[in-house]
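A quick write-up on the structure given underneath.
The values are calculated or read from the model by the stated rules, or taken from the named source; none is laboratory data. Remember, predicted model here, so these are calculated numbers, not experimental data. Reconstructed Cβ throughout: ideal geometry from the backbone, glycine too, with neighbour counts over all protein chains shown. The protein model used for the area step is the full one, side chains on, heavy atoms only, and it has no ligands, DNA or RNA in it. Shrake-Rupley method; radii C 1.70, N 1.55, O 1.52, S 1.80 Å.
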Amino acid sequence: MPHVDSHASLNTSQTGFRLFPGLLDAARQRSLLEAVQGVLATAPAYHARMPKTGQRMSVAMSNAGRYGWYSDKDQGYRYIERHPETDRAWPAIPDPMMAVWWSVADYDHAPECCLINLYRETAKMGLHQDRDEAEMAAPVVSISLGDDALFRLGGTTRKAPTRSFKLASGDVLVLGGAARLAYHGIDRVMGGTSRLIPGGGRINLTLRRVTRPIGR
Ligand code: MD6
Ligand code: FE
């Protein structure tokens, strides 16, 4: 399987970063998009809010899996087992997403969350770490669909230098090992660069293990 390893000499905290450009062909991208649409039909997208300020995030979200990622003003970032608005359990992670996990995660246990990030027009995501999971030995596997985005990747401190690269539809990114806690974000989405999603925009899927497997 083709992959590009990070330049460890540039930033050793990024060991465990793997980018697979164009891993998913058009047919697989369409099956992932269909699966996303199926999840959204039972688990409608919502706008999470920043802890403390209550500011609404520009990216709309939903989830599949046992756990869904959520945030509101009072309780902040966390995983919840029910949709915040419908109070229903999240739908199961669809097979096309599971297949990507098993092909690249290099981890023995199933993911427990597929966070769906929906970007329209001017949506972006500030620099953050993914640290709400109890299991840090599992990577986060990220799938990009639709319009190109400018992704920024830094080190494990907010001040570490960052570099930026484009993520295109069908690209898969893995943050594991030391890169599991690297700061990252989306500076902007380049509208009109893909025809995959009706009406345009970008969808990012991140597959996560949330709990530590029993017996470890
Ligand atoms: C995005 N991605 O691509 C946002 N997190 O829209 C993430 O926040 C992310 O790409 C953890 C690992 C890989 C990612
Ligand atoms: Fe993230």
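Where Lys and Arg each count +1 and Asp and Glu each count -1, what net charge lies around GLY191 among other residues with Cβ under 11 Å from its Cβ?
That sum, taken over residues with Cβ under 11 Å, equals 0.
What translational D, rounded to a whole number of µm²/s, comes out for the range 107-191 from Stokes-Einstein when the hydrodynamic radius is the Kirkwood one over Cα pairs, at 10 °C and 1.306 mPa s?
116
Round to the nearest 10 and report in Å² the accessible area of THR42, as given by a 1.4 Å probe over the protein chains' heavy atoms.
The value for THR42 is about 60 Å².
Need one number: the % of Cα-Cα pairs in the range 83-150 sitting beyond the 21 Å mark.
40
Taking the square root of 5 times each eigenvalue of the Cα gyration tensor, what semi-axes in Å does the equivalent ellipsoid of the range 17-59 have, largest first?
Equivalent ellipsoid of the range 17-59: 29, 18, 6 Å, largest first.
Before rounding to the nearest 500, sum -39500 (n - 2.57) across all DSSP H runs of length at least 4 in the chain and divide by the residue total; then give [θ] at 222 nm in deg cm²/dmol.
-4000 deg cm²/dmol
What percentages, rounded to whole numbers, describe P(r) for the range 10-85 computed over all alpha carbon pairs with 10 Å bin width beginning at zero?
Pair shares across the bins are 16, 31, 30, 21, 1.
Net charge around ARG66, counting only other residues with Cβ within less than 15 Å of its Cβ (Lys, Arg = +1; Asp, Glu = -1)?
Around ARG66, the surrounding residues sum to +1.
At 1.4 Å probe radius, can you tell me the per residue accessible area of the range 30-188 in Å²?
46
Label the range 142-216 by shape, choosing from rounded, prolate and oblate, from the square roots a ≥ b ≥ c of the eigenvalues of the Cα gyration tensor; if a/c is under 1.5 it is rounded, and otherwise prolate applies when a/b is larger than b/c, oblate when it is not.
oblate
Give the Kirkwood hydrodynamic radius (Å, one decimal) of the range 13-138, defined as one over the mean of 1/r across all pairs of different Cα atoms.
For the range 13-138, inverting the mean 1/r across all distinct Cα pairs yields 15.9 Å.
Given that compact globular proteins tend to follow 2.2 N^0.38 Å, what is the ratio of the alpha-carbon Rg of the range 62-216 to that value?
Working it through for the range 62-216, the quotient is 1.03.
Using the Cβ atoms and a cut-off under 15 Å, what net charge is assigned to the surroundings of GLN55, where Lys and Arg are +1 and Asp and Glu are -1?
+3
How much of the accessible area of the chain, probe 1.4 Å, is carbon plus sulfur, in whole percent?
C and S fraction of accessible area: 51 percent.
Once R0 is set to 22 Å, what does the formula 1/(1 + (r/R0)^6) return for the Cβ-Cβ distance between ASP108 and ASP132, expressed as a FRET efficiency to the nearest 0.05?
The calculated FRET efficiency here is 0.55.
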